[in-house]
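Data block below; observations after.
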Amino acid sequence: MDVKKLSLEDRAAMCNGVGYWYTQAVEGLDSIMMSDGPHGLRKENRDEEKGTVERVKATCFPSAAGLACSWNEELIGEVGKTLAKEAKAEQVSVILGPGVNMKRSPLCGRNFEYFSEDPYLAGKLATAYVNGVQGEGVGTSLKHFAVNSQETRRFTIDEVVSERALRETYLPAFEMVVKEAQPKTIMASYNKINGVHACENKWLLTDLLRKEWGFKGLVTSDWKAVTDIGKALEAGCDITMPATKGEFPRRIVQMVKEGTLDEKYVNESAQRVADLAEWGLSTVDKNATYDRDENHAVAADIARECMVLLKNDGMLPLNKGESVAIIGGFARNPRFQGGGSSHVETTKVDDIFENFEQIGGGQLVYAQGYPEDTDQPDDALIAEAVEAAKKCGKAIIFSGLPDSYESEGYDRTHMRMPESHNRLIEEVAKVCPDTAVVFSAGSPAEMPWISSVNALLHAYLGGQALGKAIAEIVYGDINPSGKLAETHPIKLKDNPTYGFYPGDLETSVHSEDIYIGYRWYEKKEIPVNFPFGFGLSYTKYEYESISVDKTEMTDEDTLTVTVKVKNVGKRDGKEVVELYTAAPENAVELRPVKELKGFKKVFIKAGESAEVTFTLSKRSFAFWDVHEHMWRVPTGKYKILVGSSSVDVPLAAEVNIEEKNPPCHPITLETTFGKLIRNSSYKDIVEDVVGAFGSKNAVRILTSEEAKADPVYTHYQNHTPRRSFYTGYSYEYIEDVVEKANKKLGF
Ligand code: BGC
């Protein structure tokens, strides 16, 4: 449909939603529905007049924090497909997800809805999700664009963040999904970024998103995020959600008539709404249905790969038939999803205890362990649990963070578990020689009892079928294969945002810059409870060999890395092979110790090996140069490190990369020798310039051995600008050298 044929009033109306979830219908074009549902459809049937809301039942999958632990793109594609089938059956055209915000602090109330602290991992997994959903003819909404890493004052907070942290940390996941999957829509977040609301941010929504990344879809506001509809349209926010009782459309018409808003913005945005609606309507299938039991089974398949075995002294797997104390209210009333707009009205929820009975059999004794309505320890409940554990000799304690701890709309203020859970674990572990903890939460918590338990399984928020998945892992039917997509620090104080998060009343300053997650803990050598990428299995893998297809390349080439991994244990299993790159040791730029740039999950039979290949390119090695405003790979020797977690990378290879087109500017009196020597675009003038000052200042290009032998002189020479030679030479002479060099460079 060509919206220019519509009246201005209709076009203006299309730039605002109808009710909570619909686009505006116009003559010849019906409306479509959007619904929440990153990990389960949350379709609401609202009767605005009566003020009633009916929530449609749907399957709840593990939330993104858990899904990410699968490190399995194919599996997440399956989640997407299954979600899309449910959406189609409910005539929903766009699922409002996935969320790819970075986990800046473990306290963010919505961390359970986000994938990772690492943009590469989040980007890859979200790409798989979007392709899965959209392949079935349902759209997605990549959210919350951008830097929405806290819930405190989320509507107004100004995220003060450097250009480099934006480019390297907060934007790449969005960029990857846009470039590799073209989500039908993107949701602009509530917060400001460096002073400008995301929904009114032209740099973000037009210059970067559309012009630089090539986004073709529609930008929607987060719900109630827009203050100034004119500015939002000018910035490129096409539709403001939800409806505003006609106010925004009225203002749009008025602004166009008064000449304060260019009609072209209204046309462009209305056209995008029309295009999306046309696409949505073209894929509608009125007869679509799905089977709830089948999808519950899919949810169990997914959950199995999302659980992370974090500690195991050999206690797990349990033998079937043995007597075990099953302790903790979560065993009967599980914690499996988070609160807020992603909360799913489930079709059913596993009772974990029942699954243990079915899968493990044996003598199971249940004890509640902690009260449901308070965080305070209950001595009687603890005593009962201790008795059960003593009697059975083995105990599995279901604990974690209760519902009220994690939700959209607010952040945690501390990283502790309820005292009732901590005390219970400590008391049971004292008397029971074999105590395992199954931990359910959407983010990390301090675990003061960690050294006194024998095993720990992190179930994250495992979705409605978590019970089966947990029981299968605990009893060994399934070999665990999840790995952490975020670091679990020992205590909150170790986190880089401690003392800065969630900012003051107006701003949240990203003082830690690019050093979030493992980039921080590695740089500062801070010990953690469990590192990024870590997860145990019931088998063992040996990283055998690594090879690269070249050792010299330019930053325009690609590099193929091949590694061999052997399953040296007795059980078949799935291993996540992780690849990190590290910048040259003498890099001038500040770089993290290493960064994830590839991963693959492979199934390896016991005793067999698997070959895994990775293709690396410029972005695998690049940093964002804030002076040049571009991605750069400065010439040097880069490392490729491969292994089973961020702290276990036994395989290493090196590659010399030459920067093909380093930025080249006219040299000035400020230009240092170091800059000339490091940047190959100055190679034709280095000799001239150095030679010109050589006789009186003994300046010359040092060999790397000489540089190593005399670091003080090297430092002096590298950082000395031209102007400082006036003691030996006249200013005219120096300026003449500079001018001649620039001429040779073509300036
Ligand atoms: C949330 C979004 C959600 C929207 C609609 C907002 O409050 O931030 O993630 O999609 O509501 O429910």
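The values are calculated or read from the model by the stated rules, or taken from the named source; none is laboratory data. It should be emphasised that the depicted structure is a prediction, and the values quoted were computed from it without experimental measurement. Don't worry about glycine lacking a Cβ; one is built from the backbone with ideal geometry, like all the others, and counts go over all protein chains shown. Note: areas computed on protein heavy atoms with side chains; ligands, DNA, RNA excluded. Shrake-Rupley method; radii C 1.70, N 1.55, O 1.52, S 1.80 Å.
Would you mind listing the strands (runs of 3 or more DSSP E) fully within the range 434-523 where at least 1 residues are within 25 Å of residue 122 (Cβ to Cβ), open to solvent by 20 Å² or more (accessible area, probe 1.4 Å) and touching a strand residue (DSSP E or B) at 6+ places or on another chain (Cβ under 7 Å)? Full working, then the answer.
Values: elements: 434-440, 455-458, 507-509.
Filter on the range 434-523 gives 507-509.
Restricted to the range 524-536, and to residues that are within 24 Å of residue 454 (Cβ to Cβ) and open to solvent by 30 Å² or more (accessible area, probe 1.4 Å), which residue is nearest to the chain's Cα centre (by Cα)?
Within the range 524-536, the match that is nearest to the chain's Cα centre (by Cα) is 534.
The conditions are (1) closer than 17 Å to residue 461 by Cβ; (2) surrounded by fewer than 18 Cβ atoms within 10 Å (Cβ to Cβ); (3) over 27 Å from the mean Cα position of the chain (by Cα), and residue 331 fails exactly one of them. Which is it?
Result: residue 331 passes all but (2).
Please count how many residues of the range 409-433 are open to solvent by 30 Å² or more (accessible area, probe 1.4 Å) and part of a loop (DSSP other than H, G, I, E, B). Even if it seems obvious, please write down each step before you answer.
Taking the range 409-433 as the starting set, the residues that turn out to be open to solvent by 30 Å² or more (accessible area, probe 1.4 Å) are 409-410, 413-414, 416, 419, 423, 426-427, 430-431, 433.
Right, trim to part of a loop (DSSP other than H, G, I, E, B) and you get 409, 413-414, 416, 433.
Count: 5.
Condition (residue is closer than 18 Å to residue 141 by Cβ, in a strand (DSSP E or B) and open to solvent by less than 20 Å² (accessible area, probe 1.4 Å)) applied to the range 205-218: is it met by at least one residue?
Yes - at least one qualifying residue is present in the range 205-218.
Only one of these conditions is not met by residue 192: (1) within 16 Å of the ligand (Cβ to nearest atom); (2) in contact with a Phe, Trp or Tyr (Cβ under 8 Å, 6 or more places away or on another chain). Which number is it?
Every listed condition holds for residue 192 apart from (2).
Give the range 524-549 a look and list any residue that's free of Cβ contacts under 8 Å to residues at least 40 places away in the same chain and in a loop (DSSP other than H, G, I, E, B), or say none.
The first filter runs over the range 524-549 and keeps only residues free of Cβ contacts under 8 Å to residues at least 40 places away in the same chain, leaving 524-527, 540, 542, 549.
If the condition is that a residue be free of Cβ contacts under 8 Å to residues at least 40 places away in the same chain and in a loop (DSSP other than H, G, I, E, B), then 524, 525, 526, 527, 540, 549 are the ones that fit.
Regarding residue 96, is this residue out of contact with any helix residue (DSSP H, G or I) (no Cβ under 9 Å at 6 or more places or on another chain), of a type in the set (A, V, I, L, M, F, W, C) and in contact (Cβ under 8 Å) with a residue 24 or more places away in the chain? Steps first, answer last, please.
On the way: out of contact with any helix residue (DSSP H, G or I) (no Cβ under 9 Å at 6 or more places or on another chain): yes; of a type in the set (A, V, I, L, M, F, W, C): yes; in contact (Cβ under 8 Å) with a residue 24 or more places away in the chain: yes.
So residue 96 passes the test.
Please specify each residue of the range 12-58 satisfying the condition of being at negative phi, open to solvent by less than 20 Å² (accessible area, probe 1.4 Å) and not aliphatic (A, V, I, L, M).
15, 16, 17, 21, 23, 35, 36, 38, 39, 44
Within the range 342-366, take every residue that is within 16 Å of the ligand (Cβ to nearest atom) and open to solvent by 20 Å² or more (accessible area, probe 1.4 Å) and give me the one that is farthest from the chain's Cα centre (by Cα).
Restricting attention to the range 342-366, the residues satisfying the condition of being within 16 Å of the ligand (Cβ to nearest atom) are 342-345.
When the remaining residues are screened for being open to solvent by 20 Å² or more (accessible area, probe 1.4 Å), the result is 343, 345.
Numbers: 343: 20, 345: 25 Å.
Step by step, filter the range 342-366, then rank; the result is 345.
Report every pair of residues separated by at least 6 positions or lying on different chains whose Cβ atoms are under 7 Å apart, first residue within the range 105-121 and over 17 Å from residue 71 (Cβ atoms), second part of a strand (DSSP E or B) and within 15 Å of the ligand (Cβ to nearest atom).
109/407; 109/410; 113/99
Can you tell which of 563, 548, 568 is in the same structural domain as residue 616 (by TED's automatic domain parsing) and open to solvent by 60 Å² or more (accessible area, probe 1.4 Å)?
Details: 563 fails: open to solvent by 60 Å² or more (accessible area, probe 1.4 Å); 548 fails: open to solvent by 60 Å² or more (accessible area, probe 1.4 Å).
Every option except 568 fails the conditions.
Which of the residues spanning the range 219-236 are over 16 Å from residue 18 (Cα atoms) and in a loop (DSSP other than H, G, I, E, B)?
Within the range 219-236, 227, 228, 236 qualify.
Go through the residues of the range 587-600 one by one and say whether even a single one is in contact with a strand residue (DSSP E or B) (Cβ under 7 Å, 6 or more places away or on another chain), open to solvent by 30 Å² or more (accessible area, probe 1.4 Å) and not in a loop (DSSP other than H, G, I, E, B).
yes
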